Amino acid sequence: MTVQDPATGKTRFVVVPASYVFLLREAANGSATEVLLQLRQGTGYMDDHWAAAAAGHVERGETAETAARREALEEIEVSDLDLTFATAMQRTAHDLPIDERVDFFFTARSWSGEPRIVEPTKCADLRWFPLDALPDPVVPHERVVLDGLRRGDLPALSQHGF
């Protein structure tokens, strides 16, 4: 999306910010780190793909961290997350004007509440998966982050679609 800067008259693109939360835990047998993913449905974006259990747009006047906490409460009913910043991702779809985005990814290894599906019209399933055995398909830009978490080499700033 583009807007005209009233001060300069120049056309500038608008970046859409979003926050994501990957809940992580050690497998019961201690063999692997697991991540909680949701199966998207009825959203019109990447339906039938696995994605972060909680994610959404950062609202006006809200920090990325506050948005992550709000989305986790709204989508999976967990609170008191011990959030750790994972990466910021700049991404584009080139030809789609709405798809100039910056995504803030967080992980959490502790929280209050038992994650559950709160929005059944948008989420068909909610499951734990080992980071080294993710389901298929995963939303592509989220897969980049999950692969970096698994390898331990996720940079603080990442890009997708360039």
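Summed over the residues of the chain and divided among them, the accessible surface reaches 54 Å² per residue at a probe radius of 1.4 Å.
Once semi-axes √(5λ) of the Cα gyration tensor in Å is calculated for the structure shown, the corresponding label among (i) 28, 21, 14; (ii) 28, 17, 16; (iii) 23, 18, 16 turns out to be (ii). When the Gaussian network model of the chain links Cα atoms closer than 10 Å, the mean-square fluctuations of ALA68, ALA53, ALA108 top out at ALA108. Each residue of region 20-28 was assigned a 3J(HN,Hα) from its phi angle through the Karplus expression (A = 6.51, B = -1.76, C = 1.60, θ = phi - 60°), giving 10, 10, 9, 6, 10, 8, 7, 4, 3 Hz with x at Gly and Pro.
Under a Gaussian network description of the chain, with springs only between Cα atoms under 10 Å, the residue in GLY56, GLY30, GLY113 that fluctuates furthest is GLY30.
Helix 64-76 and the long axis of the chain differ in direction by around 50°, with both axes built from C-alpha atoms.
The calculated FRET efficiency for LYS10 paired with MET46, based on their beta-carbon distance and R0 = 30 Å, is about 0.35. Here region 1-48 and region 90-146 have alpha carbon centers that stand 6 Å from each other.
Considering only VAL58, VAL16, VAL145, the Gaussian network model of the chain with Cα springs below 10 Å gives its largest mean-square fluctuation to VAL16. For GluC sites (Glu not before Pro), the sites in region 26-60 that DSSP calls loop and that have at most 15 other Cβ atoms within 10 Å are GLU59.
The values are calculated or read from the model by the stated rules, or taken from the named source; none is laboratory data. Just so it is clear, the structure is predicted and the values come from calculations on it, not from any experiment. Cβ: placed from backbone, ideal geometry, glycine included. Neighbour counts: every protein chain shown. Ligands, DNA and RNA are stripped out before the accessible areas are found, and what is left, the full protein with its side chains, is counted by its heavy atoms. Shrake-Rupley method; radii C 1.70, N 1.55, O 1.52, S 1.80 Å.
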